[in-house]
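The values are calculated or read from the model by the stated rules, or taken from the named source; none is laboratory data. This one's a predicted model, so the numbers in the text were calculated from it and none came from an experiment. Every residue, glycine as well, gets a Cβ built from its backbone with ideal geometry; the counts of neighbours run over all protein chains shown. Note: areas computed on protein heavy atoms with side chains; ligands, DNA, RNA excluded. Shrake-Rupley method; radii C 1.70, N 1.55, O 1.52, S 1.80 Å.
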Amino acid sequence: MSISLESRLPRVGTTIFSVMSQLAQEHAAINLAQGFPDFECSPELLELVYKYMRDGYNQYAPMPGVLPLREALATKIASQYQFSPSPENITLTCGATEACFSAITSVVRPGDEVILFEPAFDCYVPAIELAGGIPVYIPMHYPHYQFDWQMVREKVNSKTRLIIINSPHNPTGALLSKHDMLELEHLVIEKKNLIVLSDEVYEHMVFDGLPHESVLKYAALRERSFAIFSLGKTYHVTGWRMGYCVAPAALTKEFRKVHQFNTFSVHTPSQYAMAEFISKKEEYLRLPDFFEKKRDYFLSAMKKSNFEMFPSKGSYFQMASYKNISTQPDVQFARWLVEEAGVAVIPTSVFYHNGVDEHVVRFCIAKKEETLQAAADRLCKI
Ligand code: GLN
C-alpha cells in the first residue's frame with residue numbers, strides 16, 4: 001500500500017540544477033547550466049587535505065568549525081571589509097545552502113514575512129516555507145535588474161522579519177551598489193526588528209573594477225545580518241560543500257541551534273587545509289580578473305550569435321535573451337537547446353514564483369576557455 005502524504009513543499013520539484021545537469025549528461029551536451037567550474041583547484045590545496053587526512057584529522061570537527069579556520073577567515077574578512085569579526089561569530093556550514101537554511105529557519109516564525117528579490121536563487125523560499133514564513137517578492141526586470149527600494153519600503157510592515165539580499169546576484173549578475181547598501185541601512189535603522197540575510201557567495205567574482213559591497217562593511221547592517229560566504233566558490237571546490245556564516249553573537253547563537261542538528265559540522269581535514277591555504281591572498285585577489293576574462297572571452301565568442309548578451313557585472317553567470325531565436329517558453333527552449341544544440345543552460349523563469357518568462361537564459365562562465373569556445377561555436381549556429 002502506498003503512503004498518501006500531504007507535501008510540506010507542494011510546489012517544489014527537483015531543482016533545475018539537478019534537472020539540467022542530468023539532461024546535459026544524457027545528451028552529452030556542454031554543461032553551462034549548473035554553476036560549477038570545470039577546472040581544477042590548486043594542487044597545493046589538495047596536498048594539504050591529504051596531509052591532514054594522513055595526520056589523523058579524520059573525526060568530527062567542533063560544531064562551529066575548527067578554530068584555526070575561523071581565525072583565518074576572521075583575518076581574511078578584516079583585510080577585505082574593514083571589520084574584524086571574532087572567530088566566535090563565524091560558523092562553518094555544509095555549503096552556503098545549509099547556511100541559508102540554518103539562518104532562515106533560526107529566525108523566521110509562522111506568519112513572519114520575508115522580503116526577497118526575484119529572480120531569486122532557489123534555496124531561499126523552501127526554507128522560508130518550511131519555517132511557516134511568507135515570502136514577499138520584489139521583482140527585478142531584464143535587462144537592468146535594479147533593486148527597487150521604493151517597493152521594498154511599501155512592502156515592509158510589522159510582520160516583516162527578514163530581508164534576503166544576494167550580490168553578486170544569481171542568476172542575473174547584477175551587483176548591489178553603495179547606494180543600495182545605504183538604502184538598506186536606512187531601512188534597518190528605522191525598522192528595528194528587521195534581520196538581513198546577505199548571500200555573498202560570489203564576493204570575489206566582481207568585474208570592471210567594481211567593488212563588492214558586503215553587509216560587513218556597514219556597521220548598522222552587520223549588527224543585524226547573517227553574511228553568508230562560500231569556500232567552494234572561492235577555491236573552485238564546490239563539491240567539498242564548505243560555506244560559512246558571519247553574524248553577531250545573538251544571531252550566531254540561534255543559527256548554531258539549527259546548524260548543530262542539521263549537519264552538526266563540516267569535513268575536518270578540508271577545514272584544516274583551508275585554514276592553512278587562506279593565508280595565500282593572491283589566490284582570491286586574482287579572482288575578479290580571472291573571471292572577468294572568462295566573461296569577456298564568452299561575450300566575444302558569442303558576438304556572432306543571435307543571442308542578445310548584457311554583460312554580467314559579477315558572479316559565475318551571464319544572462320542572454322533568445323528573443324531573436326525563438327518564441328518558445330524558456331524551459332522548453334532550454335530543453336530544445338540541450339537536445340538540438342548540445343549546450344545546457346538554465347531557464348530563468350524558474351527563479352520566479354510566478355514563472356515570469358522574459359525569454360532569458362543563464363550561462364555559467366566558470367569554465368575553461370576551450371569549453372566556452374566549444375559552447376559558443378554551437379550556439380552561434382542557431
Ligand atoms: N549555485 C549553483 C547555481 O546557481 C548551483 C547550486 C546547486 O546546484 N545547488 O547554479
Can you tell me the FRET efficiency between Ala219 and Ala250 if r is taken as the Cβ-Cβ distance and R0 is 25 Å, rounded to the nearest 0.05? 0.95
Using a basic spin-label model with each label point 7 Å from the Cα along Cα→Cβ, how many nm lie between Asn58 and Thr327? 6.3 nm
With each pseudo-label sitting 7 Å past Cα toward Cβ, what's the Lys155-Tyr142 distance in nm, one decimal? 2.0 nm
Would you compute, from DSSP H runs of 4+ residues alone, the mean residue ellipticity of the chain at 222 nm, taking -39500 (n - 2.57) per run and dividing by the full residue count, rounded to the nearest 500? -11000 deg cm²/dmol
For the peptides 137-147, 99-109, 26-36, what is the packing order when you average, over each peptide's residues, the other Cβ atoms within 10 Å and list the highest mean first? 99-109, 26-36, 137-147
So, with points 7 Å from each Cα along the Cβ direction, the Ala28-Leu285 label distance in nm works out to 4.5 nm
Using the structure shown, select from Lys76/Lys280; Lys233/Lys313; Lys303/Lys323; Lys76/Lys293; Lys76/Lys233; Lys76/Lys217 the pairs with a Cα to Cα distance greater than 19 angstrom. Lys76/Lys293
Shape of region 190-259 from its Cα gyration tensor (a ≥ b ≥ c, root eigenvalues): rounded if a/c is under 1.5, otherwise prolate when a/b > b/c, or oblate? oblate
What residue among Leu69, Leu46, Leu162 has the largest mean-square fluctuation in a Gaussian network model of the chain, using Cα springs under 10 Å? Leu46
Tell me, Kirkwood radius of region 147-284 from alpha-carbon pair distances, in Å? 16.4 Å
Cα gyration tensor shape for region 69-226, rounded if a/c is under 1.5, else prolate or oblate: rounded
To the nearest 10 Å², what's Asp148's accessible area with a 1.4 Å probe? 60 Å²
Can you list the lysines whose alpha carbon is less than 20 Å from that of Lys253, not counting same-chain residues fewer than 8 positions off? Lys192
Treating only Lys and Arg (+1) and Asp and Glu (-1) as charged, each at its beta carbon, one finds that region 101-197 has a dipole about its Cα centre, in Debye to the nearest 20, of 260 debye
Roughly speaking, what is the centre-to-centre gap between region 249-280 and region 158-222 when only Cα atoms are used, to the nearest Å? 22 Å
With the convex hull built on the alpha-carbon atoms of region 268-382, volume per residue in Å³ sits at 140 Å³
Taking a 1.4 Å probe, which of Ser79, Ser279, Ser4 shows the most accessible area, and what order do the others take after it? Ser4, Ser279, Ser79
Region 252-303 - convex hull of alpha carbons, volume per residue in Å³: 161 Å³
Given axes a ≥ b ≥ c from the Cα gyration tensor, I'd like to know whether region 128-192 is rounded (a/c under 1.5), prolate (a/b larger than b/c) or oblate. oblate
Over the chain, give the accessible area per residue in Å² for a 1.4 Å probe, as an integer. 43 Å²
Based on alpha-carbon centroids, what's the gap between region 295-314 and region 16-90 in Å, whole number please? 28 Å
In whole percent, the fraction of accessible protein surface over the chain that belongs to carbon or sulfur atoms, probe radius 1.4 Å, stands at 52 percent
Cα-derived Rg to Rh of the chain, Kirkwood definition: 0.96
In sequence order, what are the phi-derived ³J(HN,Hα) couplings for region 58-71 according to the Karplus relation 6.51 cos²θ - 1.76 cosθ + 1.60 with θ = phi - 60°, rounded to whole Hz, with x for glycine and proline? 10, 9, 3, 7, x, 3, x, x, 6, 4, x, 6, 5, 5
Binning at 10 angstrom from zero up to the longest distance, how are the C-alpha pair distances of region 1-112 distributed in percent? 10, 21, 31, 27, 10, 1, 0
